[in-house]
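Read through the structure below, which is laid out as structure tokens, and then see the notes.
The values are calculated or read from the model by the stated rules, or taken from the named source; none is laboratory data. If you're wondering where the values come from, they're calculated on a predicted model, not measured in any experiment. Cβ placement follows ideal geometry from the backbone for every residue including glycine, while neighbour counts extend to all protein chains displayed.
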Amino acid sequence: MAVLARRAQRQALMARQAEQSAQAINDFLQNDLLAQASTDSQSERVKPDPHLEVRTALDRAAARLTGKFDRQPEVEAAIRDTIGQTYIDLGLYPTARTQLERAVQLYRQVLGAESPKTLGAMSHLASATSYSGQYAQAEVLLNQTLEMQRRVLGSEHPDTLNSMNALANALFMLGKYPQAEAVHKQALEVRRRLLGSENRSTRLSMFNLANVYVAEGRYAEAEAIFRHVLELNRKDLGPDHQNTMGAMHMLAIVYNAEGKYSQAEELASENLAIRGRVLGPEHPETLMAMINLGDSLEYEGKYAQAEALYSQALELNRRVRGPQNTYTLVAMERLASVYTSRRKFGQAEALFESLLEVSRRVLGPEHPYTLGFLSDVANMYQRRGKYALAESYAAQALSGRRNTLGSEQPDTMSSAADLALAYQSQQKFVQSETLAREALQFYQKKQPDDWQRFRAESLLGASLSGQKRYAEAEPLLLEGYQGILTRKERMAVPDWYHLDRAREWIVGLYRAWGKPMKAADWRQKH
């Protein structure tokens, strides 16, 4: 019995030593080596290094792992999990997935599928998968992880809440906005109750919920949240922390959506400078900031500057993220759109054709991004005067958006107005009237002060004028034009096209109605 007791003691001691060894190695990697590559850690512990030379050491350490811990698989799993998380922080998502897939495999072999460590590594792997643009795969993996975490750890455990956050973000990127909103609200409610309203994790849930509000067109709600989060992040984390930069980035996007272009440009420019300094010029988040600043410049009519930024962002995204990554597609769309604004239609058409082929294949034909790209192509053909092609692409965008987003949604009604415009341009006045009337009713109810409401009103007037219903058309055309004109300064410069069309329709009304003096007055004075 004494021998057995001594053996048991030795085994227990060896187990404790192995556990301590694993923890010591992981602590060293996390706190003394890999933290030097982490932008979060840099901004909090050490002087930021925009060149991130430690990546070289990280790559070498990862290459030497194979075979080194054959008798200590849990140690190897812990190291690979930590290395994978750091690769995520560096924006090297495919490399991160390689490490995390092996970490999950090792943890399963040693600890079982439902060990908290296994589940944590699965959640990290799902995040890397999502960042790589494989959102459907990430959704499946996160649902599996969450089901086990809720059973093993409970629904209020921090790891469970982190996985909920990751799942909601994957749902968001898949265009499943109602589901994403619901999951984010669940996580936010728990975090607010357990941690308080100003806790960092609570702020992250608030931030992600506001992202969904942006996609749903709820800009005032989103702005209030982002301003609050940005203020708290600056105070708590400082200006160089990733969370602070993320809040700046999204607030600039909301400012653009609200027509506050000078505020958006100032904030986006500041954010790009900080991200370039802290993260480096080729980090994915730096490239996102580059596109964001390009948006502000394009909306202000600074097309040459916007084109230069978009071109640079596209080249770097292709190299860093790959030609099929979602953000590469976004950069392509932005560059093609500014080509449209500059009337470089041949270049725009070629880029859009390539973009749509990849987007349909990779994201799917009814993904919100694909449908947005279709809408942009319709706009390009409309500006080019190829109205039949504009009709074709606008009809595809509208059909897809009705299916995926529903009819009571701003993007859907924008596509309805686009299709009405294509019909109007081809003198298909009855078809145009139906869609313009639907869009006007939506905007009168949901967004009565938005310039799009008056665009729809003008379109309806033009549709009636084309049917010789001049008395009905006149007040709609006059009010529509005046409403757009009054809101011109809140509109993106490329959208001023619709103001010009609204004036042309008034001139056409008075000509067709036999009132040449009024037609001449509008042609000369407005």
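So if I check each of Gln149, Gln99, which one is in contact with a Gly (Cβ under 7 Å, 6 or more places away or on another chain) and crowded, with 21+ Cβ neighbours inside 10 Å?
Going through Gln149, Gln99 in turn, the sole match is Gln99.
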Residue identified as in a helix (DSSP H, G or I), at pLDDT below 85 and under 23 Å from Asn317 (Cβ atoms) among Thr86, Thr98 = Thr86
Looking at segment 341-349, is at least one residue more than 23 Å from Glu258 (Cα to Cα) and either in contact (Cβ under 8 Å) with a residue 60 or more places away in the chain or aliphatic (A, V, I, L, M) (or both)?
-> yes
Identify, by number, the condition in (1) at positive phi; (2) part of a helix (DSSP H, G or I) that Thr202 doesn't meet.
-> (1)
Go through Asn169, Asn162, Asn143 for me and flag whichever is surrounded by fewer than 21 Cβ atoms within 10 Å (Cβ to Cβ) and under 24 Å from Met288 (Cβ atoms).
-> Asn162
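Being more than 13 Å from Leu142 (Cβ to Cβ) and within 16 Å of the chain's Cα centre (by Cα) is the filter here, so list the residues in segment 177-196 that pass it. I'd like the intermediate steps shown before the answer.
Of all residues in segment 177-196, those more than 13 Å from Leu142 (Cβ to Cβ) come to 177-178, 181-182, 184-186, 188-196.
Selection gives Tyr177, Pro178, Glu181, His184.
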Quick check: anything in segment 381-389 of a type in the set (Ser, Thr, Tyr) and within 22 Å of the chain's Cα centre (by Cα)?
-> no
Can you spot a residue in segment 257-276 that is part of a helix (DSSP H, G or I), touching a helix residue (DSSP H, G or I) at 6+ places or on another chain (Cβ under 8 Å), under 19 Å from Ala166 (Cα atoms) and hydroxyl-bearing (Ser, Thr, Tyr)?
-> no
Residue list for segment 408-426, filter: over 22 Å from the mean Cα position of the chain (by Cα) and of a type in the set (S, T, N, Q) = Gln424, Ser425, Gln426
Test: residue in segment 177-189 that is outside any helix (DSSP H, G or I) and in the same structural domain as Phe226 (by TED's automatic domain parsing) | no
State yes or no: is Ala395 farther than 19 Å from Glu216 by Cα, out of contact with any helix residue (DSSP H, G or I) (no Cβ under 6 Å at 6 or more places or on another chain) and modelled with pLDDT of 95 or more?
-> no
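Scan segment 429-437 and tell me whether some residue there is at pLDDT 95 or above, surrounded by fewer than 23 Cβ atoms within 10 Å (Cβ to Cβ) and closer than 24 Å to Tyr177 by Cα.
Narrowing segment 429-437 to residues at pLDDT 95 or above: 429-437.
When the remaining residues are screened for being surrounded by fewer than 23 Cβ atoms within 10 Å (Cβ to Cβ), the result is 429-431, 433-434, 437.
Now drop any that are not closer than 24 Å to Tyr177 by Cα, which leaves none.
Looking through segment 429-437, none of the residues is at pLDDT 95 or above, surrounded by fewer than 23 Cβ atoms within 10 Å (Cβ to Cβ) and closer than 24 Å to Tyr177 by Cα.
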The residue that is surrounded by the most Cβ atoms within 10 Å (Cβ to Cβ), considering only those in segment 359-389 that are modelled with pLDDT under 95 and among the hydrophobic types (A, V, I, L, M, F, W, C), is Leu371
Looking at segment 322-343, which of the residues that are within 15 Å of the chain's Cα centre (by Cα) and not hydroxyl-bearing (Ser, Thr, Tyr) is modelled with the lowest pLDDT?
-> Asn325
